[in-house]
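Before any comments, here is the structure.
Just so you know, all these numbers are worked out from the coordinates, no wet-lab data involved. Note that this is a predicted model, so its numbers are computed, not measured. Counting neighbours? That spans all protein chains shown, and the Cβs are built from the backbone with ideal geometry, glycine included.
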Amino acid sequence: GLYFSDVSEIAFEYAERVEEFPMPIVHVVTDEAAKIRELFLRLNKGIVLTGPEKRNAMIGDVPQVIGELAGHDFFEQSTSYKDTRGENLNNAAKILAFELNNEPTETKRVNLDRVVMDFAADEKTL
């Protein structure tokens, strides 16, 4: 391999692009080491976030309410699936969408995302 100084002598324009590239840095604060390890693995393996995980990061009150619903005993006692990638969050979001729309409604990812974004855009609170 070459050292950076060697590359800068051979291909200055490439070395300059590397040197000037803004390095994205994210500061993560949590008291749960498992969450940090999972984030590290995902970033390094390129694992894509699921719809529920993305919705959980959206602004507004809805993600918090979805999280509270997903933590209800109902999901642990009445479902047979493992909640490994936010399945409870997804099902709680569907139930909340029914409630907010006052009727059963389409529950595709894009529609659930829209419920969260519309509530945040209108600055409504739950």
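Overview of values
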{"quantity": "Kirkwood Rh, Cα atoms: Rg over Rh of region 49-121", "calculated": "0.94"}
{"quantity": "Full-stretch length increase - Ala15, Gln64 - with 0.36 nm per residue and alpha-carbon distance subtracted", "calculated": "13.1 nm"}
{"quantity": "GluC sites (Glu not before Pro) lying in DSSP loop within region 66-120, provided at most 11 other Cβ fall within 10 Å", "calculated": "Glu106"}
{"quantity": "Normalised alpha carbon radius of gyration of region 1-47 [divisor 2.2 N^0.38 Å]", "calculated": "1.75"}
{"quantity": "Label-to-label distance, nm, for residues given as Lys35 and His72 (7 Å Cα→Cβ offset)", "calculated": "2.3 nm"}
{"quantity": "Coordinate range along principal axes, alpha carbons of the chain, Å, largest first", "calculated": "67, 33, 26"}
